[in-house]
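The next block holds one structure in the form of structure tokens; read it before the comments.
Derivation of every value follows stated rules applied to the coordinates shown; laboratory data play no part. As the structure is a computational prediction, the values presented were derived from the model and not from experiment. Methodologically, a virtual Cβ is constructed for each residue, glycine included, from the backbone with ideal geometry; neighbour enumeration extends over all protein chains shown.
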Amino acid sequence: MTQMPDPILNQRLDLWLLHARFGRSRSICAKIASGGQVRINRQRVTKAHAQVHVGDILTLPAPDRKTVMVIRVVGCAERRQSAPLAQLLYEIVPE
């Protein structure tokens, strides 16, 4: 009998941003993460290797770069998937 793999409960910030499709490449996501544009639970992050856990609240620039998004991490993925599946990794927190 095969066992189901354990769910991923934490992940590097740059990888999570890539898997959730907030950037087209890992280098772009690493620049977003290390540029001080992201906050994890209200703490400014300046390193791409910061850990994101399920349940964390992220504040990051919206795609228009003029406003910010507040999202809750709902899950982590092992690889980048389609956009509808990527949207299952987070939920937008209403303001």
Applying 1/(1 + (r/R0)^6) with R0 = 22 Å to the Cβ-Cβ distance of Ala50 and Arg24, what FRET efficiency is obtained, to the nearest 0.05? 0.60
Please give the net charge around Gly36, taking every other residue with its beta carbon less than 11 angstrom from that of Gly36, where Lys and Arg add +1 and Asp and Glu add -1. +4
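Normalise the Cα radius of gyration of the chain by 2.2 N^0.38 Å (N = residues in it) and let me know the number.
Working it through for the chain, the quotient is 1.06.
Dipole of the chain, Cα-centred, from +1 at each Lys and Arg C-beta and -1 at each Asp and Glu C-beta, to the nearest 20 debye?
I would put it at about 440 debye.
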Can you give the Rg and Dmax of region 52-95 based on its C-alpha atoms, in angstrom? 11.0, 30
